[in-house]
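Laboratory data are not the source of any read-out in this text; all were calculated from the coordinates shown. Because the structure is a prediction, the values reported are computed rather than measured. FYI the Cβ positions are ideal-geometry reconstructions off the backbone, even for glycines, and counts take in every protein chain you see.
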Protein chains: 2
Amino acid sequence: MSIAIENFVKAIYNNDKHDIKNTKPGNIAKKLGISNAAATDMAKKLAAKDLLNYEKYQALQLTEKGTKMALNVVRKHRLWEAFLFKMFDMSLHDIHREAELLEHQTSDLLAEKISDYLGHPKFDPHGDPIPNADGEITTEDTSIALSDAIEGNTYTISRLMSDDKEFFDFCAQNQIKYRNTITVSKQFVSNKMTQISIASNTIVLNEDFTKIIYVDEN
Amino acid sequence: MSIAIENFVKAIYNNDKHDIKNTKPGNIAKKLGISNAAATDMAKKLAAKDLLNYEKYQALQLTEKGTKMALNVVRKHRLWEAFLFKMFDMSLHDIHREAELLEHQTSDLLAEKISDYLGHPKFDPHGDPIPNADGEITTEDTSIALSDAIEGNTYTISRLMSDDKEFFDFCAQNQIKYRNTITVSKQFVSNKMTQISIASNTIVLNEDFTKIIYVDEN
DNA sequence: ATTAATTTTTAAGTATGCTTAAATATTTTA
DNA sequence: TAAAATATTTAAGCATACTTAAAAATTAAT
């Protein structure tokens, strides 16, 4: 399947994780850097291929076939991240960028060899779970978005769901990284802001951050 | 640059190695599995991009820029082959197939990391030289095609320049592999056949083989 | 040196994956 | 709830990388 199609179903899959009501063409278009019109077009094409259900003005929903394709790409992406992270001294952002390309040119055979080599890891270096060869995520996901965390509680950062260099740089500078401990000192509900303390810092994060930083209760 | 373009310049580069007079659209078309018309079209486009010189009915000639692009892709291909060969238990044919895809989605940075990891190897598992990051092949190539080998002499197999599974299977079954020793027992000049002895076997090979098996004199 | 065979080129057309602009529907907000 | 803002869809068009069929040139064969 083409790279454009793989990226499209992957974008839907990823968007659904935190925003299932809003997986609409415009949303996907923004993520992929294409026009809304192109996304609508593509949605229709993929519906014809039974990869998703499309109804005018409604949210896009992956079919079982579409979900399988997305999970296959996601698996390869996360395996590459884990592999490159282990093998080479590269930044998480660089690793992400390479994986973003390699994921589409990786046979199931090679993916399996990589998984073998790594001892079939369950998580990638961002803390994201790696689907198995059948597209199943067997690890139960107990993590929640930071936006849904409870004031006063202490958490462990479990996932940084982003592909943005600025975001990673910001995180690196503020000790926001996989497996670090944070305390949610305040949820500003109406402003959709969250105040956390991490290491000896206090940081107020807006929704752009709190929707993609995932945490596990300690 | 697009995959189609990278593959096109690579095909010219590879063809030039053994058949410089015949690097014409039809030849490249056959290698790439596209129509002659498509190859002519592409040749014109690449000429406009200063990647090759094109004159009607004449052989295609890569410019310096085109050669650099070809060597960059060839480098990535051969590095992937060396890397996958070292890391995973996969057949040479499978490794080639993976490298054929990965080569186009590999940043210069990642290529360098792979080269570092391998200790900057000069040759891939087929015996083909790996260009350096500047697109230079520093190892002098003293090998010759088996078709040009001298009757009675003993050689070491230095390169198997193919990407065909049948060819590799045949080679594997007949001990024809990188670094093995062979003796050229007879050159049937008019039939363009070569008789070799390898291990305890005697094999007569036609031009399809003797043009792509390279050897070094012992 | 012609003729025949092959190759290359041209021409017309297709599918994919985008674009912008305008029309239409939905969602927000006041 | 009606107007304003926003999002989605439609329509027309474009570039890339191909196709087949026919014309033109080259190469090979007798």
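Quick notes on this one:
- Selection of trypsin sites (Lys or Arg not before Pro), segment B:1-71, meeting DSSP coil and at most 15 other Cβ within 10 Å: B:49, B:56
- C-alpha long axis of helix A:3-19 to longest principal axis of chain A, angle in °: 40 degrees
- When you restrict to C-alpha pairs under 8 Å that are six or more residues apart and normalise by the size of segment A:1-122, the relative contact order lands at 22 percent.
- Magnitude of the charge dipole for chain A, about its Cα centre and with charges confined to Cβ atoms of Lys, Arg (+1) and Asp, Glu (-1), is about 500 debye.
- Across the identical copies, how the residue B:193 labels are spaced - nm, sorted shortest first, 7 Å along Cα→Cβ: 8.6
- Cα-based Kirkwood hydrodynamic radius, the protein assembly as shown, one decimal, Å: 25.0 Å
- Helix B:108-118 and the longest principal axis of the C-alpha atoms of chain B enclose an angle of approximately 20°.
- One quarter of the surface of the convex hull around the alpha-carbon atoms of segment B:3-62 equals 3.4 nm², the direction-averaged projected area.
- Considering only alpha-carbon pairs that sit under 8 angstrom and 6 or more positions apart, the relative contact order computed for segment B:15-61 is 36 percent.
- Inter-centroid distance (Cα atoms) of segment B:81-133 relative to segment A:142-183, Å: 36 Å
- Rg then Dmax, both in Å and based on the Cα atoms of chain A: 17.8, 54.
- Normalised by the number of residues in chain B, the mean separation of alpha-carbon contacts (under 8 Å, six or more apart) gives a relative contact order of 15 percent.
- Ordering A:144, B:114, B:28 from the fewest to the most neighbouring beta carbons within 10 Å gives A:144, B:114, B:28.
- Each copy carries residue A:89; placing its label point 7 Å along the C-beta direction from Cα gives inter-copy distances of 3.2 nm, listed from smallest up.
- Interchain or long-range residues, amide H under 5 Å from residue A:158's placed H: A:179, A:214, A:215, A:216
- Among the chymotrypsin sites (Phe, Trp or Tyr not before Pro) within segment B:1-108, those in coil by DSSP and having at most 16 neighbouring Cβ atoms inside 10 Å are B:57.
- Using the Cβ of residue B:130 as centre and a radius below 10 Å, the other residues enclosed give a net charge of +1, where K and R count +1 and D and E count -1.
- The dipole here belongs to the protein assembly as shown: it is taken about the Cα centre, uses +1 on the Cβ of Lys and Arg and -1 on the Cβ of Asp and Glu, and is about 980 debye.
- Pairwise centroid distance, computed over Cα atoms, of segment B:34-74 with segment A:37-61, Å: 39 Å
- Nearest-to-axis residue of chain B, judged by beta-carbon position, where the axis maps B onto A, in Å: B:105, 3
- When all alpha carbon pairs of segment B:123-218 are counted in 10 Å bins from zero, the resulting P(r) reads 16, 51, 26, 7, 0 %.
- Placing +1 on each Lys and Arg Cβ and -1 on each Asp and Glu Cβ, with no other charges, gives segment A:71-186 a dipole about its Cα centre of roughly 320 debye.
- Between A:132, B:172, B:212, the Cα set farthest toward the positive side of the dipole of the protein assembly as shown (charges on each charged residue's Cβ, about the Cα centre) is that of B:212.
- Neighbour cut-off at most 12 other Cβ (10 Å), DSSP loop, GluC sites (Glu not before Pro), segment A:80-181: A:136, A:140
- Degrees, to the nearest 10: B:36-48 long Cα axis against longest axis of chain B: 60 degrees
- Comment: the Cα-to-Cβ extended label point of residue A:41, at 7 Å, lies 1.8 nm from its counterparts in the other copies, nearest first.
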